[in-house]
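Here's the structure we're looking at; comments come further down.
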Amino acid sequence: MSVGAKKKKLFRIYKEFAKDARKYTKNIVCKPGCADCCIDVGSIDVTTLEGLVILDYLKTLTPPKQTFFQDQIKRNSEEKPRHRRLRCPFLNERNICSIYKVRPFSCRKLFSVETCGEKGPVIPRALWELGEKTVQKIYQLDDSGFSGHISYILMLLYNHKLRKSYLSGELSPSQLMDVIRKYNLIVNREMLKKQRILKLGTFRSTP
Ligand code: SF4
Ligand code: SF4
């Protein structure tokens, strides 16, 4: 499947999740400007395919805006290892997402029935499970790619040589190891394998 077709499919997956999630989101308290989930404690996970979609969007902005976001992303990737809580590079000063239309699935799947604060979201179980199934579909779609914190993935994609290698599916094993170490990433297809093994383990232990 071409990258263009994958991007289209990604939006179909987002749409399907949004439709299926509707029945579980009656009691959620999420609203614009509420942004503890964007001031990240762990990692704002993004696949390489989602990173490409974000870069496509950034390319449509004016050159000064593009430079602004590139600087924000670089700063975030440098500060990430040193800070427990860090604002997403796309969260603006009014606590609104600057890339809402192309935000990754890790943001789309997040809903909470209680205000988060620093303790994190309380997600209805059915919604969480639906989100996890959808994450697997996205890994499957991008099974020659990587996942990791938003600014790490974007820094990888800003690297012309690595982006080209990823798009051609021709990252050499040594290049692959370098990328994983340097950008602290996981390989999507390995993640899928691990999830299959975990699932099998759970199935076997169920009476
Ligand atoms: S997940 Fe939490 S922080 Fe994010 S919008 Fe919902 S309630 Fe607010
Ligand atoms: S991409 Fe947007 S929604 Fe996601 S964490 Fe960043 S600011 Fe929040």
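The values are calculated or read from the model by the stated rules, or taken from the named source; none is laboratory data. Only a predicted model underlies this, so the values are computations on that prediction, with no experimental measurement involved. Note: ideal-geometry Cβ built from the backbone for every residue, glycine included; neighbour counts use all protein chains shown.
When residue 119 is tested against (1) touching a residue at least 40 places away in the same chain (Cβ under 8 Å); (2) over 12 Å from residue 25 (Cα atoms), just one condition goes unmet, and that condition is (1). Selection over the stretch 91-102 of residues that are free of Cβ contacts under 8 Å to residues at least 40 places away in the same chain and not small (Gly, Ala, Ser) gives a count of 3. Within the stretch 138-148, can one find any residue that is buried (at least 20 other Cβ atoms within 10 Å of the Cβ), among the hydroxyl-bearing types (Ser, Thr, Tyr) and within 15 Å of residue 74 (Cβ to Cβ)? So far as the stretch 138-148 goes, no, none of its residues is buried (at least 20 other Cβ atoms within 10 Å of the Cβ), among the hydroxyl-bearing types (Ser, Thr, Tyr) and within 15 Å of residue 74 (Cβ to Cβ).
Residues in the stretch 152-175 that are among the polar types (S, T, N, Q) and touching a Leu at 6+ places or on another chain (Cβ under 9 Å) were compared, and the one that is modelled with the lowest pLDDT is 175. The single condition among (1) farther than 21 Å from residue 147 by Cα; (2) modelled with pLDDT of 95 or more that residue 35 does not satisfy is (2).
Looking only at the stretch 88-119, count every residue that is surrounded by 13 or more Cβ atoms within 10 Å (Cβ to Cβ) and basic (Lys, Arg) and tell me the total. Count: 3. Scanning for something in a loop (DSSP other than H, G, I, E, B) and in contact with a helix residue (DSSP H, G or I) (Cβ under 8 Å, 6 or more places away or on another chain), does the stretch 146-164 turn up at least one residue? Within the stretch 146-164 (the criterion being in a loop (DSSP other than H, G, I, E, B) and in contact with a helix residue (DSSP H, G or I) (Cβ under 8 Å, 6 or more places away or on another chain)), the answer is no, since none of the residues qualifies.
Criterion first (closer than 27 Å to residue 185 by Cα, among the acidic types (Asp, Glu) and buried (at least 20 other Cβ atoms within 10 Å of the Cβ)) does residue 50 satisfy it? Answer is yes for this residue. The single residue among 28, 44 that is among the β-branched types (Val, Ile, Thr), within 11 Å of ligand 2 (Cβ to nearest atom) and surrounded by 15 or more Cβ atoms within 10 Å (Cβ to Cβ) turns out to be 44.
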